[in-house]
């Protein structure tokens, strides 16, 4: 890989990581309702990618399902998780999606798992459970449970996406935005009364967060990632994208003073080591999977 392209990939990973920080600021510090924030983000994505919406790829029902799982469902749950959990812990727990997708690819696509990927799955699970552990047991954080649910939704979408051929990146982004914005608006109106007033009260910082998340992260960074995937082998690119959770942890500690003790360090090392082992093995769904997950979310 050329130094220029490595720099581009590092920038993409930094943008993805910073999106966790920006989203945490929006839903926690600005007190923006997470479903409303997700709806606003996908409205920006929809408008920005509208020229690529048609013609609609087939099979249509599968495309809509994938868009909802990997778009609105995934991001809404992540934003709900960020409201209650730290960006650092979210970055680690979201890595759970990698082994989940690998397991689903076995069940749904007939892939085979050998001992190396099985080891990677075990290490990732151990790392995530370590991060979620507290003095009262595993799974005490409601926010992290939302992130686990987001990983499951995105995993199903990633595997189903493998069965759709010929969808270009910007076209996929267009349908993710279009399919996600309407149910998110409806859910926000139902579950988050006064959400518009809260968004208006947040003012320009809220608008800046939405535009950054929608344009820079979803459109800009994802397009650059797919450009690199087109130039290099996925087994070279995928391990390098682990810069994203590492950068998220660093930014979370530096900006929000996220706690980072021995347990968090051990869990991070275990989880990221497991993901690295899985990423180094050939996997039919991994390139698409990492393109969607590492955005942070």
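Just a few scattered comments:
- Judged by the mean number of other Cβ atoms found within 10 Å, the most tightly packed of the peptides 43-55, 90-102, 118-130 leads the ranking 90-102, 118-130, 43-55.
- Spatial separation of Cα centroids for segment 1-48 and segment 146-172, in angstrom: 18
- For segment 3-293, the calculated P(r), taken from all Cα-Cα distances in 5 Å bins from zero up to the bin holding the longest distance, is 1, 6, 12, 17, 20, 18, 14, 8, 3, 1, 0 percent.
- When both segment 241-270 and segment 98-124 are represented by their alpha-carbon centers, they are found 25 Å apart.
- With the highest mean first, a sort of the peptides 267-275, 2-10 on other beta-carbon atoms found within 10 angstrom per residue produces 267-275, 2-10.
- Cβ crowding within 10 Å, taken as a proxy for footprinting-reagent exposure, orders 66, 22 from fewest neighbours to most as 22, 66.
- Annotation: peptides 161-168, 31-38, ranked by per-residue average of other Cβ atoms within 10 Å with the highest first, follow the order 31-38, 161-168.
- Where labels lie 7 Å past Cα in the beta-carbon direction, separation of residue 254 and residue 107 in nm: 4.0
- Global dimensions of segment 1-147 from alpha-carbon coordinates: Rg and Dmax equal 17.9, 53 Å.
- Segment 184-221 versus segment 50-88: alpha-carbon centroid distance in Å: 15
- As a proxy for reagent exposure, 115, 182 were ordered by neighbouring Cβ count within 10 angstrom, fewest first; the result is 115, 182.
Quick note: the coordinates plus some simple rules give every number you see, no bench work behind them. Quantities reported herein were computed from a predicted structural model and do not represent experimental measurements. Cβ sites come from the backbone with ideal geometry, for glycine too, and all protein chains shown count toward neighbours.
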